[in-house]
Amino acid sequence: MKQFTYIIQDNVGIHARPAGLLAKAAKALDSVVTVEKADGKSAAATKLMAVMGLGVKCGDTVTVKVEGGDEAASLAEMESFFKQNL
């Protein structure tokens with residue numbers, strides 16, 4: 001398993017549009033991607049409503065975990081996605 005932490009920069013956090021983009025990007029990978037908040041709540045990145053249910057706001061720190069498949073490539077893809085969209 002590989003992981004990275006990211007501080008959300010989007011002014012409204014992870015809302016419907018970026019959550020949908022995240023789910024789509026995560027589904028395209030051959031790894032399992034999980035988003036976890038500092039309070040311990042987590043959700044599979046492929047589950048739109050679960051990700052939105054985390055209630056991630058601007059300034060929150062999330063940990064993105066990547067497991068299975070080509071972890072290094074999937075991790076790089078997710079890091080790039082977060083930097084561009086969140």
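The values are calculated or read from the model by the stated rules, or taken from the named source; none is laboratory data. These numbers come from a predicted model, not from an experiment. Neighbour counts are summed over all protein chains in view; Cβ atoms, including those assigned to glycine, are modelled from backbone coordinates with ideal geometry. Side chains included, ligands, DNA and RNA excluded: accessible areas come from the protein's heavy atoms. Shrake-Rupley method; radii C 1.70, N 1.55, O 1.52, S 1.80 Å.
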Amide N proximity, the stretch 1-31 versus THR63 label position 7 Å along Cα-to-Cβ, cut-off under 16 Å: 1-8
Which of PHE81, ASN11, GLY69, positive extreme of dipole for the chain (C-beta unit charges): ASN11
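Would you compute, from DSSP H runs of 4+ residues alone, the mean residue ellipticity of the chain at 222 nm, taking -39500 (n - 2.57) per run and dividing by the full residue count, rounded to the nearest 500?
On the way: 3 runs with 33 residues, N = 86.
After summing the helix terms and dividing by residue count, I get -11500 deg cm²/dmol.
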Carbon and sulfur %, accessible surface of the chain computed with the full protein complex present, 1.4 Å: 51 percent
Neighbourhood net charge (14 Å Cβ-Cβ; Lys/Arg +1, Asp/Glu -1) for GLY20: +3
Rounded accessible area of LYS41 (nearest 10 Å², 1.4 Å probe): 110 Å²
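With an 8 Å cut-off on Cα pairs and a minimum separation of 6 or more residues, tell me the relative contact order of the chain in percent. Intermediate values should be presented prior to the final figure.
Values: 160 pairs, mean separation 38.3, N = 86.
Here the relative contact order equals 45 percent.
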For the chain: Kirkwood Rh in Å [reciprocal of mean 1/r, alpha carbons]: 12.4 Å
